[in-house]
Structure formats: C-alpha cells, structure tokens
Amino acid sequence: MPKIHEKKFVSGDPAKCVGCCVCEYACSMEQEKTYNPTKARIRVVRLNPFVNLAVACRLCEDAPCVAACPRDALEQSEETGTIIIDEDKCNGCGWCIEACDYGAVQLHPETRVVYICNLCDGEPKCVEWCPEEALDFTTKDILSQKSRVAVVKKLFQEALKATT
Amino acid sequence: MSYAKQILRVDLATGKTEVEPLKEQMAKKYLGGIGLGMRLFLDYSKGGVDAFNPRNPLVFATGPLSGTMAPSAGNSYAVVSKSPLTEGIAESKAHGFFGAELKRAGYDAVIFAGKSDKPVYAWIDDDSIQLMDAQNLIGKSPYETEVAIREDLGDFYIRVSAIGEAGEKLVRIASIINDEFRAIGRTGMGAVMGSKNLKAVAVRGTNDVNVANPEEFTEFVRIIHERMKGPATRKYRTLGTPENVLVLNALAALPTRNFSQVTFEGAEKVSGEYLNERYIKKIIGCATCGMRCDHIGVVPEGPFKGATARVEFECLWALGPNCGVDRLDAIIEAIYQCDLYGMDGISTGVIVGFAMDCYENGILTKKDTDGLDLRFGNAEALVEAVKRMGSRKGWLGDVLAEGTMRAAEKIGKGAVKYANHIKGLELPGYALRTLKTAALGFSVSFRGACHLRSGAYSPDVKGKVDRFKIEKGRGKLVMDGEDLYNVVDSLILCKFSRGVFYEGIDEMAKYYTLATGIEMTPEELIQAGERINNLARVINIREGKGTREYDNLPPKIMNVPVPDEGIAKGAYVNQKEFDIGLDDYYEVRGWTKKGIPTIEKLKELGLDDLVSIVENKIRSKAPKKKGKGGK
C-alpha cells in the first residue's frame, strides 16, 4: 500500500487559473465521450474576473463521502485514494454530495448515480489539456513543498538577486 | 453532429413557442452564426418594417462549433436583426460562456418575435421555455441582471445575455452583454431587444454536444491549442489589441479628435504598454479557449478608483484619442460605464467625439449641453456625456442617444460635416484618409462602418499595398477579406484566433466536417462566405439601403486633407479614386455598377429565391444622386 504522501490528485492554482473551462470539456470527452461540462468530474468556479478556480476530488483521508453513504456504495481505493462507486448499490440519494465540502461529488443526469474524479487511470486529461498549466497532478506533500519554496523566494528576493 | 438541429421560435406577445428542425441543406448553405441568423431573419421578416416594430425579429444564433471544445468557436453566439442605426441588416457576435450554454440547451437559433406587454426575461431551461417577470430588473446593468437572475433561479451556472438601461430606453447604440464583459456590441441590438421588452435571455443547457469524428476533432483541437501558445496569438496574449495605439500612431493612422488628426500627442499615455504596466490586473479567458485575451483593467486610485473593464483597442481609442482624452483612468471609467448602461463602446466614443467637435466649432453651446464643457480632452465631460447618453438624460443625452447620423440631423447647423459614420454606424479606430483599402472596405461593409467585416485595414497597415491610394485590385482584396470573415463569423471563430489556422480556409473546412459530419470542401466553404455577403446585400436592398449611394464615406474623410505634418499631410480620399474602388469591387463581386447582385450571381450562389428582390432594382435605369443617402 502506498504511503499517504504518494497519493496524487488534481489541484488547481487560483493564481494561474483563468476560468476557461478547457478542463471540463477534456474531462467530459474522456469520461463520457461527449462535450458536456455538466458531466465533467472537474468544475470551474468564476466568482469574478480575478477569482477563478477548477475544483475536483481531493482524495480526503477517511473520505466523508464514503462514510456518508448509507448503502455502502462508495469505497476509497487503497492504491490510489480515489473513490470507487458501485453503480448497482448507488441510488442517487445524495448523502455523499452533502458530505463533500468541495462539491466534488455530482449526480449523473442520465445514469442517476454519483460520479467523482477517477484520475483517468493515473493520467488526468484535465491536467494534460490545461492551457495555463494551472492544474497539477501532484501530492499534498509536493504542494506544501512548493508553497515553502515560493514563500522563501519571496522573502529573500533581494538576497537572491545579489547572489545570482 | 455538432448542430443541435433545432430552431426555437418564441412569440414574446403570447409566450407561445415552436420548435422546427434545422435542415441539413440549410446548415451547409448558411453554416450558423451570422449566415444562418441572416437567412432566418430574411425568412421571418418583411421589408420596410421599422427596427423597433414588434414584427422585426431578433435572432440569436449559435455556430456549428458552439458547445464543442473548439477553442474560441466553442463559446460563441451571434445576434441578427434589423439595425435601428442603419435600417439595414445588423449582426454582432460575442464569446464568453453564453453561446455554449445555448447550444447545449438544444438550439442552433432562437428567433424572438413580437413584443411583450411588460418587461420579461426568457428562461430557456433545455426544452422548457418561460417568459419570466423582469419588472424588478429594470434599470439594472447587464451584469447586475445576470447576478439577480442566477440568484432568482438558484443556479450558479446559468448563463445570461442581457441589456442595461440603454437598451431599455432604446438608445440606438445599445449593446447586449453576456458574462459581464462580452458584448453583442455593434449595430444597436440591445435597443431592438429593449423594444421587445425583453430584458434578458437566461439559459441552462444540459444536453451533450457531440462531434461527428471525436478522435480526429480532438486531435485538431490539440493542434490549435498548441498554435495558440505561439506567434499567431502573441499580441492578444501579451499587450492585447491596445498594442495598436503606438503602431497606428507611428503610421499616422490613429484617428484623433473626431477624425480631425491622424496622430495623437498623448499616444504614449494611452498605449498598450502604459496600460498593461499600470492598469491591467489579470488576463482571463472564455470557455474552451486556451488563448486568454481578456485584459481586465482596474483603476487603482483617483476619482475613478475601482472602475473595472475589459480593455480593447477599439473602445480605448474611441473614448480616448478620438475624444482627445489621454487619461487611462477616465477611459477605463468610460468603458465601464458603457458596460453598465449596455452601450457599444466604439459608437459611444465616436458620438462623444462628434459632440465635442460640434462644441469646439460653436454648433453646440453650453446652453445645449446644460453647462457641460465639452472640449476635446475634457475627461470628466467625457464620462458625464456617456452617462447622459446611456440614460437619455437631458436634451443632449437624448439627442446623442440617437447615434451620430440622427444626432447630426437633429442638431442641424452643418453638424453633418462632423458626423463620422457609414450607413449610420459609427466608424471604428482606423484613419481612413491614410488607410485607403480600409476606406473602401468600410464603405461597402453591409452592416455599416466596420473593420471586422473584411479586415481591409490589414494590407494597408502591413505595407502590402500603397495605402495612400485606391487603385484597381483593391476590390478583390476587400472581397476576399469579406468572404473569409463571413465564414469566420458564421462558424463564429474569434477573429483573434484567425491566425492559428495556418492553412486558412482548408483547415476551417476540415474543422467543420470533423464536427458536423457534413462534407465541406474549402471551395464550398468560401463560396458560403460569398453567399452570405450577397444575402446581406440583398437584405439591405430590400430595405432600400443596399445600393451604391449607401457605400459612402464621411465628409471628413472625403473632403478634408490631413493637417498633421509628416508623411500623411494633405491626404484624403478623392471621389475619383473612390469610384475606381467601388467599380472594381462591384465588378469582382459580379454586381451591377449600382452595387446590385446580378440575377446570374444569385443563381450561381443558390440564392434563386432572392432574385425577385433585386429584379426591379436592376431594371430601373435612373441612378440616384451620389452621396445623398446615409450622410
């Protein structure tokens, strides 16, 4: 079983995201073989021109969606951390949707069962297509690392200029 | 197949709706966007009906690629009707998110007919269509309307296309705005919408949009995405179109102070470089597009602090150099006000410039302006004039809200000498005395003065021709530009992305076939462009506005030599060269000397059913006096 730090997920960078929704279209084509953002596993929120972000499943530890399912239709993969849905058990009751703080669980308009980002078997199409490189397929560990490096760079801009 | 294969008709008087199929032959002949929109307009309208008459239909049309992942074309729609400015054919396109939503709701076009007896908005929820009370939305800006409707209907992802106060008050240059900054800007479509008591169109579309050949289509989209990161879109991704300010200024081609001069001494202060360094806060994008070109400017301090607007060259020029204004904070505020009232920024700036010119020449006095000191360069007066126009406030606001052509007639006292419009539509920001291919192209454009009907400024600006004269051969340059742009506006590709089609029309034809499954050769596609231009011309002829005397240029371009020292000094368009240009253009178009499409030409293009409209016009011999109409 992989360590917690090795589980990769799709993370959006609000500083880079421009709200173009290319990820939604790429996702729906990969997962549903059609263009339809309302069936995408990743959705973009534009609050105003300056605040844009694409949001998908964050592979929570002890995922609340799994815990919330009264029919045991959801299960978290030990291997990847993604949520596996048993479509025969799911009846679309939506408890998992309410349990998810990120709006990453959605109800399929036709099959009437829920769907969640499955990371495209380890090669997320949204990340591949994002024209702004605003999406990362990464681990939480690497994300915190990046933030640390960025903040130190910012704090020591002058010193950096002097030494390079 | 990426067409929805459905056309929706909404009778605003009764609330009744009807859906009819889009036939494949119709789709192939008119493509979508402005082509399909204009064909439907012709079929559902009668000649000679006033633009504000309930019987004037308002057509919203998506494109064959709308709703797909096609960058820039996936997100667009067009609006077509009769223009309250030109009284001829009107069309305008906008990108953003609304167009994709309308396609997903299941429509290639929506035709709004009639007039509601009270303010309503149309709520298109896939196949459920309702007219909703909009009394509480009256006076709200398009964006406020968008937010209020989303809250009212309780869905964050609903897309809205709406008018502001200008549209409600039938300001003839009113726009329709979707997604906060995206405008169906030109030709006064917001006023037509207002005349129908239609405040907004709100859409939720949940249907799939499929393409005929998903694998090859996706591969092609991938190639376009890659090219969008390259040189073809550099300008739009970096400084944006305001880069033009210094480029045109250096060419003595930047219209200044209502087209009086061709260079602006304040150009540096309103340049793309200056703008990006001090005002642009973020560059964002439309749905499906990897280019990202929306330069969002915010005024950080001063009297206009907080004003936020998408800044492009045209509006910046119209409300800046054209009014002699060199303050970007005031220009951003003026664009912001245009978006709040819902007005075309180009026409707004040209009208204010016209009013300033009248004021400077004593035709308008302080009494007429209620004390407003409308001198060129007065930034505060600019902003105030925009607000008055948007709300038809006072005598001045009410007169200017009629557009340059009608305002000049109402003001009288020789004001027509200062009116810069063609067919009633205000001129965009290219100095036509020093860009003469553009002069010819703008004059024959079917929707009135427009740089985007042919891109005819391009050979001038790029130095491919002698831009100080019109000669034989320019007609073909204009025609080729028009036919291509008709295709672009019917597939509704964003013109900023035109450069990414390295193989031009060949790749556009391939794109169309991959998406729709309808076989289309490049020859057939460019012929569709030609067909659409002829269709538009015939509609104008039906309205009595489509003949030679309406293909004209404003007095300032034809009669007044450029005063600026340097290469351009003394330049103007003379009647002789202009006639050579028109003759040349009509000849390559296969039109008569009066500018009427011949019966053979219409038949060649499969427009046999339009022959009856032109027949009588061709037979009548006596040509009307030149230079009479439109000025």
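The values are calculated or read from the model by the stated rules, or taken from the named source; none is laboratory data. Here the structure is a predicted model, which is why all the values come from computation and not from measurement. Glycine also receives a Cβ, built like all others from the backbone with ideal geometry; neighbour counts cover every protein chain displayed.
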Legend entry - Residue list for region A:128-143, restricted to those being surrounded by fewer than 23 Cβ atoms within 10 Å (Cβ to Cβ) and under 16 Å from A:L59 (Cα atoms): A:D136, A:F137, A:T138, A:T139, A:K140, A:D141, A:I142, A:L143
Inset, instruction - Kindly indicate whether any position in region A:114-123 is at pLDDT 95 or above, in a loop (DSSP other than H, G, I, E, B) and within 14 Å of another protein chain (Cβ to nearest Cβ). - result: no
Inset, instruction - Would you be able to say whether some residue in region B:331-340 is surrounded by 24 or more Cβ atoms within 10 Å (Cβ to Cβ), touching a Phe, Trp or Tyr at 6+ places or on another chain (Cβ under 8 Å) and more than 14 Å from every other protein chain (Cβ to nearest Cβ)? - result: yes
Inset, instruction - Look through region A:27-52, keep the residues that are among the hydrophobic types (A, V, I, L, M, F, W, C) and either more than 12 Å from chain B (Cβ to nearest Cβ) or under 14 Å from the mean Cα position of the chain (by Cα) (or both), and return whichever of them is surrounded by the fewest Cβ atoms within 10 Å (Cβ to Cβ). - result: A:V45
Inset, instruction - Would you tally the residues in region A:74-84 being touching a helix residue (DSSP H, G or I) at 6+ places or on another chain (Cβ under 8 Å) and either within 14 Å of another protein chain (Cβ to nearest Cβ) or part of a loop (DSSP other than H, G, I, E, B) (or both)? - result: 2
Inset, instruction - Could you tell me whether region A:124-131 includes any residue that is under 26 Å from B:A287 (Cβ atoms), in a loop (DSSP other than H, G, I, E, B) and at pLDDT below 95? - result: yes
Legend entry - Test set (1) surrounded by fewer than 24 Cβ atoms within 10 Å (Cβ to Cβ); (2) within 17 Å of the chain's Cα centre (by Cα); (3) of a type in the set (D, E, K, R) - B:R182 fails condition number: (1)
Inset, instruction - Six or more apart or on different chains, Cβ under 6 Å: which pairs go from a residue in region B:45-62 that's within 14 Å of B:R9 (Cβ to Cβ) to one that's of a type in the set (S, T, N, Q) and crowded, with 17+ Cβ neighbours inside 10 Å? Could you list them? - result: B:P57/B:S45; B:L58/B:S81
Legend entry - Number of positions in region B:86-99 that are more than 14 Å from chain A (Cβ to nearest Cβ) and not hydrophobic (A, V, I, L, M, F, W, C): 6
Inset, instruction - Would you mind stating whether B:K269 is part of a loop (DSSP other than H, G, I, E, B) and away from chain A (no Cβ under 14 Å)? - result: no
Legend entry - Exclusive hit being closer than 16 Å to B:F60 by Cβ and of a type in the set (K, R), set B:R159, B:R150: B:R159
Inset, instruction - Tell me, yes or no, whether region A:53-62 has at least one residue that is within 14 Å of another protein chain (Cβ to nearest Cβ) and not β-branched (V, I, T). - result: yes
Inset, instruction - Check whether at least one residue in region B:295-316 is more than 14 Å from A:P49 (Cβ to Cβ), of a type in the set (K, R) and not assigned by TED's automatic domain parsing to the domain that holds B:K103, and report yes or no. - result: yes
Inset, instruction - Would you be able to say whether some residue in region B:25-34 is assigned by TED's automatic domain parsing to the domain that holds B:I173, over 30 Å from B:T521 (Cα atoms) and surrounded by fewer than 17 Cβ atoms within 10 Å (Cβ to Cβ)? - result: no
Legend entry - Filter pass, B:S83 being within 14 Å of chain A (Cβ to nearest Cβ), among the hydroxyl-bearing types (S, T, Y) and closer than 27 Å to B:E146 by Cα: no
Inset, instruction - Starting from region B:64-78, keep only residues that are facing chain A (nearest Cβ under 7 Å), then list their pairs with residues that are among the polar types (S, T, N, Q) and surrounded by fewer than 24 Cβ atoms within 10 Å (Cβ to Cβ) whose Cβ atoms are within a distance under 8 Å, requiring at least 6 positions of separation or different chains. - result: B:M69/B:T218
Inset, instruction - Would you check if there is a residue in region B:14-24 being modelled with pLDDT of 95 or more, touching a Gly at 6+ places or on another chain (Cβ under 8 Å) and part of a loop (DSSP other than H, G, I, E, B)? - result: yes
Inset, instruction - Give B:L275, B:L254, B:L239 a once-over and let me know the one that is away from chain A (no Cβ under 14 Å), in contact (Cβ under 8 Å) with a residue 60 or more places away in the chain and of a type outside the set (D, E, K, R). - result: B:L254
Inset, instruction - Identify, by number, the condition in (1) within 21 Å of the chain's Cα centre (by Cα); (2) closer than 30 Å to B:E577 by Cα; (3) of a type in the set (A, V, I, L, M, F, W, C); (4) in the same structural domain as B:Q337 (by TED's automatic domain parsing) that B:L400 doesn't meet. - result: (2)
Legend entry - Selection count where residues are under 17 Å from B:D11 (Cα atoms) and either crowded, with 20+ Cβ neighbours inside 10 Å or under 26 Å from the mean Cα position of the chain (by Cα) (or both), scope region B:104-128: 15
Legend entry - Leading residue by the ranking (surrounded by the most Cβ atoms within 10 Å (Cβ to Cβ)) among those in region A:8-26 that are in a loop (DSSP other than H, G, I, E, B) and among the small types (G, A, S): A:G19
Inset, instruction - Could you tell me whether region B:452-464 includes any residue that is in contact with a Lys or Arg (Cβ under 6 Å, 6 or more places away or on another chain), without any contact (Cβ under 8 Å) to a residue 60 or more places away in the chain and not in a loop (DSSP other than H, G, I, E, B)? - result: no
Legend entry - Candidate set from region B:299-328 (those that are free of Cβ contacts under 8 Å to residues at least 40 places away in the same chain and charged (D, E, K, R)); member that is nearest to the other protein chains (Cβ to nearest Cβ): B:K305
Inset, instruction - For A:C90, state whether it is outside any strand (DSSP E or B), on the phi < 0 side of the Ramachandran plot and under 17 Å from the mean Cα position of the chain (by Cα). - result: no
